[in-house]
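The values are calculated or read from the model by the stated rules, or taken from the named source; none is laboratory data. Remember, predicted model here, so these are calculated numbers, not experimental data. Glycine gets a Cβ as well: all are built from the backbone with ideal geometry, and neighbour counts include every protein chain shown.
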2 protein chains.
Amino acid sequence: MIDKNSHIPIYAQLENILLEMIESGDLKPGDMIPSENELSKKYSISRMTAKKAIDSLTIKGLVERTQGKGTYVCSIEKKIELPINRLRGFTQKVCEMGLTPENKVLAFEKMPCPKNICKILGIKEGESIWRMERVRQIDEVPAVFEESYISVKLLPNLKEKNLLKSKFDYIKSLGLEIGNSEREISAEIPSDYVASALKLKRNEPILLAENITYLKKGTVLEYSKIYYNQKKYKFKFIAEGN
Amino acid sequence: MIDKNSHIPIYAQLENILLEMIESGDLKPGDMIPSENELSKKYSISRMTAKKAIDSLTIKGLVERTQGKGTYVCSIEKKIELPINRLRGFTQKVCEMGLTPENKVLAFEKMPCPKNICKILGIKEGESIWRMERVRQIDEVPAVFEESYISVKLLPNLKEKNLLKSKFDYIKSLGLEIGNSEREISAEIPSDYVASALKLKRNEPILLAENITYLKKGTVLEYSKIYYNQKKYKFKFIAEGN
DNA sequence: GAGTGGTCTAGACCACCAA
DNA sequence: TGGTGGTCTAGACCACTCC
């Protein structure tokens, strides 16, 4: 079963063995997989090597580990669909569900604009900006972590309480017209800070969208980074054929 | 510097130390970071613990390791922009650059349709489908790995050579009109097979798009999974404000 | 208290790279 | 040949869960 003289590392071989057991249905969603001790005995390998194999399955999202309990094959949960090609996808979806989005504000501060963000927002170095961090959730389940930068000149009277509801609703209420957003999307391993804000384990990959949002008149309104929790949500849009 | 009695693991503390050295510019892109041996001596920790810290920086894309050479801070490379909201983003971009896309066909076979894919394609169980794997690249740099399923009934005369150029061009040449595609996007740790096809290291996160592509008349043309290489490419689209 | 995973160690052998 | 990272070991202590 495991060839210790193979050029393929033992942990990779064991990972493949477990993978096949999961894909073949030998191990079903919700089942506990053999413990590190069992595996190390069964295959005559060290516990650390067995752990490395299972850890790899963990970050791939196939199993879930709990200290004291064991390692279980992940269930295929029904995920909530969010349209990622709309700025207000989350707000819209939550409203459709008859709920209101809960926003937790983790940071709200006025600060001098750092060089790199000045360029993006098109303002002078040293000008004041708002820096905000929010977690947006439904039923205590975090959906997105949002880090956002807006010029103070544009929103001089912004208060933390305006962030508890839709930020764009507040902006619209000031008579500003919001245009489109350039969105760059990538897969990232988040910092421990972001991971814990989204209640995720270390080294789980997540979607990141970096956005430059414009006003209809063309000036830049906001630069933001949005981290999406894939555990409970899935992200869709339509790609055009032509 | 490192508190061995802290509830924060030593490897996480060391990772943060190195992270700050990189973010502060103390370690610049291209610089070699201290070796595992140096770090284990300096902080009186074991080499395995130092390795764990550096491995974490590796999957975050901050450093690159080479056996025999050392670990180096990643440079900020200029990436090629690909529009992810168009089915033919890659082909279009390559043409704009005055090149033709190079496609490598890794698999091309006729097979009975598995249950889950039957549902998606809207065909009967046991009907024949084409299963294809391609890597699409520019200058030997893989951009995307594509796994695709199409009913044989729709394309009875498909040949492997039709996959060397644009697949959609071939389909159009048959008089079929391609519509839009439902695209679900996620961040994933790829299998070792996909990672090596894209010339990536183990456990690096990548973007995955799962697509259901329709013909204009409404029937399903294709189910595909596209894995995007973020090392050299970045993926953009416009999100609508309203 | 028994079993689980989380961390850490000190040492080993290997493959790879550069000088 | 010496230094690097890649793998693996056998053992240790801990925190957690469940009974």
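Miscellaneous remarks
- Failed condition for B:Glu240, given (1) modelled with pLDDT under 95; (2) within 11 Å of chain A (Cβ to nearest Cβ); (3) out of contact with any Lys or Arg (no Cβ under 6 Å at 6 or more places or on another chain): (3)
- Candidates are the residues of the stretch A:164-185 that are within 11 Å of another protein chain (Cβ to nearest Cβ), among the charged types (D, E, K, R) and not in a loop (DSSP other than H, G, I, E, B); the one that is farthest from the chain's Cα centre (by Cα) is A:Lys172.
- Residue within the stretch B:137-148 that is aromatic (Phe, Trp, Tyr), within 27 Å of A:Asn203 (Cα to Cα), in the same structural domain as B:Gln92 (by TED's automatic domain parsing) and crowded, with 20+ Cβ neighbours inside 10 Å present: yes
- The set of residues in the stretch A:201-220 that are over 27 Å from A:Leu174 (Cβ atoms), touching a residue at least 24 places away in the same chain (Cβ under 8 Å) and outside any strand (DSSP E or B) comprises A:Lys201, A:Asn203, A:Glu204, A:Pro205.
Okay, residues lined up against (1) more than 8 Å from chain B (Cβ to nearest Cβ); (2) in a loop (DSSP other than H, G, I, E, B):
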residue	(1), (2)
A:Arg131	yes, no
A:Leu158	yes, yes
A:Ala187	no, no
A:Lys199	yes, yes
A:Glu222	yes, no
A:Tyr227	yes, no
A:Lys236	no, no
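- Test: residue in the stretch A:8-16 that is surrounded by fewer than 18 Cβ atoms within 10 Å (Cβ to Cβ), under 27 Å from B:Leu208 (Cα atoms), more than 12 Å from DNA strand C (Cβ to nearest atom) and charged (D, E, K, R): no
- Every residue from the stretch A:59-101 that is within 16 Å of DNA strand C (Cβ to nearest atom) and in contact with a strand residue (DSSP E or B) (Cβ under 6 Å, 6 or more places away or on another chain): A:Val63, A:Glu64, A:Arg65, A:Gly70, A:Thr71, A:Tyr72, A:Val73, A:Cys74
- Matching residues in the stretch B:29-54 - criterion: being more than 14 Å from every other protein chain (Cβ to nearest Cβ) and within 7 Å of DNA strand C (Cβ to nearest atom): B:Ser44, B:Ile45
- B:Ile17 β-branched (Val, Ile, Thr) and in a loop (DSSP other than H, G, I, E, B): no
- Some residue of the stretch A:63-86 being hydroxyl-bearing (Ser, Thr, Tyr) and within 14 Å of chain B (Cβ to nearest Cβ): no
- Test: residue in the stretch A:215-223 that is among the hydroxyl-bearing types (Ser, Thr, Tyr), surrounded by 17 or more Cβ atoms within 10 Å (Cβ to Cβ) and assigned by TED's automatic domain parsing to the domain that holds A:Phe90: yes
- Residue pairs whose Cβ atoms lie under 9 Å apart, sitting 6 or more positions apart in sequence or on different chains, and linking a residue in the stretch B:145-171 that is more than 16 Å from B:Glu222 (Cα to Cα) to a partner that is acidic (Asp, Glu), are B:Leu164/B:Glu102.
- Enumeration of residues in the stretch A:87-106 that are more than 13 Å from chain B (Cβ to nearest Cβ), polar (S, T, N, Q) and not in a strand (DSSP E or B): A:Thr100
- Long-range neighbours under 9 Å by Cβ, at least six apart or interchain, first residue closer than 21 Å to B:Leu19 by Cα within the stretch B:69-85, second more than 16 Å from DNA strand C (Cβ to nearest atom) and among the polar types (S, T, N, Q): B:Thr71/B:Thr58
- Residue identified as away from DNA strand D (no atom under 16 Å from the Cβ) and farther than 30 Å from A:Ala239 by Cβ among A:Pro114, A:Pro101: A:Pro114
- Some residue of the stretch A:57-75 being farther than 17 Å from A:Glu38 by Cα and in contact with a Gly (Cβ under 8 Å, 6 or more places away or on another chain): yes
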